[in-house]
Amino acid sequence: MKDKVISSLHKLRDISPLVHHITNSVTINDCANITLAIGASPVMADDESEVKEMVNLSKALVLNIGTLNARTVESMLIAGKEANKIGIPIVLDPVGAGATSYRTMWAQRLFEELNISVIRGNASEIMAMSGLTGNTKGVDSSSESDAAITCAKELIEFKPCTVAITGAVDIVLDESRELRLKNGTKMMKQVTGTGCMASSLTGSFCASGVDSFLAAASALTVIGIAGELAECSLKNNEGIGTFRTRLFDYVHTMDANKINLYMEALENEKIRA
């Protein structure tokens, strides 16, 4: 798997694809910058009058419902249907699904009406997407990744896709494969938007043309290793502000050597029965 992740990183940087985001206004700048840091190019157009045209210029679409409102979700549907029409991948980040009935309804509706390549969420969000009750605290999760595996499989059975469950252990699943990754640090929870950034990285890898399972695995590997390195670089008088800056730095400087040294998969990619 390390060789595949390294290869996907090289491919992304060779292509430098355009990634269209309709995303969270709280973290939109971070999503744009992390996309640039990994080597892709972001565009953040969300008005329904131009999203179809922008999708046609892009190689992937990231839909993030973090700051949900009636205007942008309609734009998401328009952009998503156009992305399906022209065959570019869609990454769905169901931020806070389970927190309110409106938010949960829209997360589920986007999944039902669009062909989604990757759903990237925490355990509670994935559980809410499948109709079960996850313990969602605002946009954070108090459920463990393993608790959402059954729900992820239900989503995949309903409509084939890749599901990336992020937590202390990240789990990536599709119809036949499962991978567990244990990179990252607790400090990532103290910085707003690391989940959104993981979705933007997933969209960036999807835009390079690799399959959605490898795209999700590569994105979570990169941000997890970058988080560990950022934390290890801190001195006694440095905190989350410095950590956030260095997270971008280490994503930007991610390379084969770092992946070979630090990628921690609890299990090799396995084929599920």
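The values are calculated or read from the model by the stated rules, or taken from the named source; none is laboratory data. Keep in mind the model is a prediction, meaning the values are calculated, not measured. Positions of Cβ are backbone-derived with ideal geometry, glycine not excepted, and every protein chain shown enters the neighbour counts. All accessible areas refer to the heavy atoms of the entire protein, side chains included, with ligands and DNA or RNA removed. Shrake-Rupley method; radii C 1.70, N 1.55, O 1.52, S 1.80 Å.
Here are some notes:
- The listed residues Leu9, Leu57, once ranked by accessible area (1.4 Å probe) with the largest placed first, stand as Leu57, Leu9.
- Dividing the summed -39500 (n - 2.57) terms of all DSSP H runs of n ≥ 4 by the residue count of the chain sets its mean residue ellipticity at 222 nm at -15500 deg cm²/dmol.
- Each Cα pair under 8 Å and six or more residues apart adds its separation to the average, and for the chain the resulting relative contact order is 21 percent.
- Of the listed residues Arg246, Arg103, the order by accessible area with a 1.4 Å probe, largest first, is Arg246, Arg103.
- Charged side chains reduced to their Cβ positions (Lys and Arg at +1, Asp and Glu at -1) give the range 67-213 a dipole of some 340 debye around its Cα centre.
- When the GluC sites (Glu not before Pro) in the range 178-273 are filtered for DSSP coil states and for at most 15 other beta-carbon atoms within 10 Å of their beta-carbon, the remaining sites are Glu238, Glu264.
- With viscosity 0.692 mPa s and temperature 37 °C, the Kirkwood radius over alpha carbon pairs of the chain converts through Stokes-Einstein to a diffusion coefficient of 182 µm²/s.
- Contact order normalised by residue count of the range 1-99, Cα under 8 Å, 6+ apart, percent: 29 percent
- Accessible area (Å², per residue) of the range 113-254, counting only protein heavy atoms and a probe of 1.4 Å: 38 Å²
- A cut-off under 13 angstrom between Cβ atoms defines the neighbours of Leu155, and their net charge, with Lys, Arg +1 and Asp, Glu -1, is -3.
- Portion, in percent, of the accessible area of the range 178-225 that falls on carbon or sulfur, probe 1.4 Å: 49 percent
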